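The values are calculated or read from the model by the stated rules, or taken from the named source; none is laboratory data. For clarity, every value in this text was computed on a predicted model and none was experimentally measured. Using ideal geometry, Cβ is built from the backbone for each residue, glycine included, and neighbour counts are taken over all protein chains shown.
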Amino acid sequence: MNSGTDSAAASLNAAQQRIEKLESEVEELRENRYHYYASHYASDETLSGNKCIPDHGRPPRFTWRLIQDVHELDFQEKLNTSSYVNVTFEPEEDEVAKLGYRINLADQTVYPSSFKLHDTCVNMVANLWNCPEPEDFDEKGVQAGAQTVGSTEACLLAGLCLKFRWRKWYAAQHGLSEDEVLGVRPNMIISSCFQCAWEKLFKYMDIEPRITQTTVRSFAISAEAVCELVDDRTIGVVCIMGNHYGGQYDPVHEVDAAVTAVNKERNLQVGIHVDAASGGFIAPFQTDLPPWDFRLANVLSISASGHKFGESVCGTGWVIWRQRNNLSEHVAVSVSYLGGTGESYTLNFSRPATGVYVQFYKFMRLGLEGYAALEAGMMGVARYIRDGLKHMTLHGMPTFQILDDGDTKSLPVVAARLNPQQKLPFNDIDLQHAIAEDHWYVSGYRMSMTHPITDKKQPLFFDEDEAGTMFRVVVKSNLTRYLADDLLRAIRRALEVLLEHGQAGTRRSRPKRAHHRGHVC
């Protein structure tokens, strides 16, 4: 009797659940006749406090609309002058990107043609940076390099190669076994204008950062500082081709000469990694630059973000090594369980082919001539904005002090600060928030940094107070002369508001971090 009752109860419960499901489906069909804003999703749904995947799905166009509404609350990406990341794509380029996200580039055996595009791009980038063909090029058919997830992964891979190369050398120099040398902590020399990728390398890979503070006059590392910091535990020197603050280039040729002298004098083997995250696709088209790439003998590797001035999609990076021997071979892993054998250089494994597809599209679409035209156009718009700031005056004095390197030999970046002589009651971060009222996003920074290991706050420059502030405008290809006029108008209006109301003129949320911990984009 009890068994029969239990069975009936279970059947009734199942029937009720089925009825509820059918009612839900009927309701969904009813709502699907209307547009999103006539549905209960628009009037009742909120993402606040959501912790669980919903029990029931919804029509695709409703889901798309929800994501669109979320996106609407962001800044307009084309008016974001804080980021270096490309946001402009042709319709054909979008289609290429869609093709790529279906392909796992790690599976070289199943997708050999896609990986051939990868190798083709590696060779194109290596040639752009004047990398000599290694001895094994005929055998491999490709330079020593890889497409990475942004330049952060590229920097980590390059840093690891320098560390393993140094470890092998140091053990031989001091008669240490492979186990004994593991207890010796290496160091790397870099300027205080480093990007976040290097903070990760120092923390994750147990490398001592030897940070040399730069001067506010140049934002660049000096060869003299490098010589003072080098010792037999130095795995390499990082030279930055286009720091994210002001777009200035480190004098790689001067550092190369200094490293050559130090290596000869002290019997060392210190090399150089060029962090060209932003400058890797700008500097090659600036003909008046001194050598900065593989033309210099001590340059062992170069990294860049393809998604910045390489014009590819977000998440595209590149790393090129001078050779495999005692460099890239240290991070190469042979993968054979996917049905064939292939070398993997990346820290992650599975990744879509989107970055390679879009980068190849841009290389073929633009050509060297097109990239040169983009560089000239962006530098021209940067000059126009810079001149506009120079012509702004207050109390008979310039309103701004220009901090970047000017119209040539740098990135298309305008860096400035409110003229300290004006002694204004607001700073550049206040200006940033006031400009944002006109929908433009401009980066404001404090002139300080946090040490990647000790977490102690310290001045960014040795000749400037850490409480000082500055701002920066990155001129990407989508920032036209017409938009530049509106940006200058927004800056003028922001100044008027701040002069009339002071800091209370605008009160958008303050920056999450008021001091530098390295740039993410």
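General observations
- Hits in region 153-200 - residues which are at pLDDT below 95 and touching a Cys at 6+ places or on another chain (Cβ under 7 Å): ALA197
- The set of residues from region 288-339 being closer than 17 Å to HIS253 by Cβ and under 17 Å from the mean Cα position of the chain (by Cα) comprises just one member, ILE302.
- Across region 99-123, the qualifying residues are those that are among the hydroxyl-bearing types (Ser, Thr, Tyr) and assigned to a helix (DSSP H, G or I), and the one among them that is surrounded by the most Cβ atoms within 10 Å (Cβ to Cβ) is SER114.
- Restricting attention to region 31-89, the residues being part of a helix (DSSP H, G or I) and among the hydrophobic types (A, V, I, L, M, F, W, C) number 8.
- In this entry, ARG217 passes the filter for residues that are under 23 Å from MET449 (Cα atoms), out of contact with any Leu (no Cβ under 6 Å at 6 or more places or on another chain) and either outside any helix (DSSP H, G or I) or assigned by TED's automatic domain parsing to the domain that holds THR152 (or both).
- In region 411-433, the residues that are touching a Ser or Thr at 6+ places or on another chain (Cβ under 8 Å) and farther than 30 Å from ILE282 by Cα: GLN422, ASN427, ASP430
- Residue that is farthest from LYS476 (Cα to Cα), among those in region 307-335 that are surrounded by 24 or more Cβ atoms within 10 Å (Cβ to Cβ) and among the hydrophobic types (A, V, I, L, M, F, W, C): TRP321
- Checked against the criterion of being over 18 Å from GLY355 (Cα atoms), modelled with pLDDT of 95 or more and buried (at least 24 other Cβ atoms within 10 Å of the Cβ), the candidates ALA297, ALA283, ALA304 yield just one match: ALA283.
- The residues of region 106-115 that are under 25 Å from PHE281 (Cα atoms) and either among the hydroxyl-bearing types (Ser, Thr, Tyr) or modelled with pLDDT of 95 or more (or both) amount to a single one, SER114.
- Number of the condition not met by PRO132 [criteria: (1) in contact (Cβ under 8 Å) with a residue 24 or more places away in the chain; (2) in a helix (DSSP H, G or I); (3) surrounded by fewer than 19 Cβ atoms within 10 Å (Cβ to Cβ)]: (2)
- Conditions (1) surrounded by fewer than 18 Cβ atoms within 10 Å (Cβ to Cβ); (2) over 30 Å from ALA97 (Cβ atoms): number failed by GLY246: (1)
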